[in-house]
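*Asks:* Sharing a structure here in structure tokens format.
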Amino acid sequence: MSYLTVDPPRRHRLSVADYYRMAEVGILRPDERVELIDGEIIDMAPIGSRHNATVTRLATILHKAVGDKAIVQTRGSVSLGAYSEPEPDIAVLHPRADFYWSAHPRAAEIQLIVEVAESSLRFDRDVKLPLYARHNVGETWLVDVDSRRVIRHRKPAQGKYTWVDEPDLGSPLEIEAIDGVRVDLRELFPTGVGR
């Protein structure tokens, strides 16, 4: 008896250049909320009010903490190789006079990425954070809106973060890549407001 061996079909990965061409010719509408992850176009989750408020509040806190030591970018693209252009909720970037006019920030220019998760927790944790680790983004924070916690990921090696903790939000946090910056997150989640 012989068996016919059939290889599974190969997926065609879109490059960042393909992704931009699709937008230029109108395949992707300007108002579509999508991002390119490992060559696949991913629909982004709708932004709820708690998610939006958390991003806005955290961006304000980060602006105050970093001052002119970094640029705080909200909901902007970052360039991670030829096949990924995610849009993290917040990226803290090395300062540049042109504010990244000429190109999206690359992994070496990112000091911190923050993903705020309300309905996207599993995707952010299982897909986006490993992507950031594979591209050696030194530190990511995953903000879990439902549980009102921050999970900090540091020290990427071999495609994953080797140091993960859940810091006490009552004490200021450091951003490892920025000397002397301490981020006070006591006001991140509103008090007296239901989930």
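*Asks:* Residues with beta-carbon under 13 Å from that of A23, excluding A23: net charge, scoring Lys, Arg +1 and Asp, Glu -1?
*Replies:* Around A23, the surrounding residues sum to -3.
*Asks:* If only Cα atoms are counted, what is the Rg of the range 108-149, and what is its Dmax, in Å?
*Replies:* According to the Cα coordinates of the range 108-149, Rg and Dmax are 10.4, 31 Å.
*Asks:* Hey, what did the chain get for relative contact order, percent, Cα under 8 Å, at least 6 apart?
*Replies:* Relative contact order for the chain comes out at 15 percent.
*Asks:* Shifting gears a bit: Of M22, P190, S49, whose Cα points farthest to the positive end of the dipole of the chain (charges on the beta-carbon: +1 Lys, Arg; -1 Asp, Glu; origin at the Cα centre)?
*Replies:* So the residue furthest toward the plus end is P190.
*Asks:* Follow-up. Taking amide H atoms as placed 1.01 Å from N in the peptide plane, list the residues 5 or more away in sequence, or in a different chain, whose amide H sits under 5 Å from that of L112.
*Replies:* V92
*Asks:* Also: How much FRET efficiency would the formula 1/(1 + (r/R0)^6) give for H63 and R29, where r is the Cβ-Cβ distance and R0 is 30 Å, rounded to 0.05?
*Replies:* For H63 and R29, the calculated efficiency is 0.45.
*Asks:* Quick one: length gained pulling R75 to A108 fully straight, 0.36 nm per residue minus the C-alpha distance?
*Replies:* 10.0 nm
*Asks:* Also, quick follow-up: For S119 paired with K155, estimate the spin-label separation in nm (one decimal), with each label point 7 Å from Cα along the Cα-to-Cβ line.
*Replies:* 3.7 nm
*Asks:* Rounded to the nearest 0.05, what FRET efficiency do S147 and D179 have when you use their Cβ-Cβ distance and R0 = 41 Å?
*Replies:* Using R0 = 41 Å, I get an efficiency of 0.85.
*Asks:* If you put +1 on each Lys and Arg Cβ and -1 on each Asp and Glu Cβ, how big is the dipole of the chain around its Cα centre, in Debye rounded to 20?
*Replies:* Working: 26 positive and 30 negative charges, 36 e Å.
My answer is approximately 180 debye.
*Asks:* Right, something else. May I ask you to compute the full-extension gain from R96 to E187, defined as 0.36 nm times their residue separation minus their alpha-carbon distance, rounded to one decimal in nm?
*Replies:* Residue separation times 0.36 nm, minus the Cα-Cα distance, leaves 29.9 nm.
*Asks:* Same structure, new question: Equivalent-ellipsoid semi-axes (√(5λ), Cα gyration tensor) for the chain, whole Å, largest first? It would help to have the intermediate numbers written out before the result.
*Replies:* Numbers: eigenvalues 190, 81, 65 Å².
Whole-Å semi-axes of the equivalent ellipsoid: 31, 20, 18.
*Asks:* Let me ask another. What is the range 1-85's relative contact order, in percent, from Cα pairs under 8 angstrom and six or more apart in sequence? Could you put the intermediate results ahead of the total?
*Replies:* Working: 54 pairs, mean separation 30.3, N = 85.
Once normalised by length, the contact order is 36 percent.
*Asks:* Please list the non-local residues whose amide H lies under 5 Å from the amide H of L169, H modeled 1.01 Å from N, same-chain partners needing a gap of 5 or more.
*Replies:* Long-range HN contacts for L169: none found.
*Asks:* Right, here's the next one. At q = 0.11, 0.15, 0.24 Å⁻¹, what base-10 log of I(q)/I(0) does the Debye formula yield for the range 132-195 when every alpha carbon is treated as an equal point scatterer in vacuo?
*Replies:* The Cα Debye sum returns log10 ratios of -0.30, -0.53, -1.06.
*Asks:* Still on this structure, please answer the following. For the range 78-88, take each phi angle, set θ = phi - 60°, evaluate the Karplus expression 6.51 cos²θ - 1.76 cosθ + 1.60, and give the result in whole Hz per residue in order, putting x for glycine and proline.
*Replies:* 10, 9, 10, x, 7, 10, 9, 9, x, 10, x
Read the figures in this text as sums done on the coordinates, not as results from a lab. Only a predicted model underlies this, so the values are computations on that prediction, with no experimental measurement involved. Every residue, glycine as well, gets a Cβ built from its backbone with ideal geometry; the counts of neighbours run over all protein chains shown.
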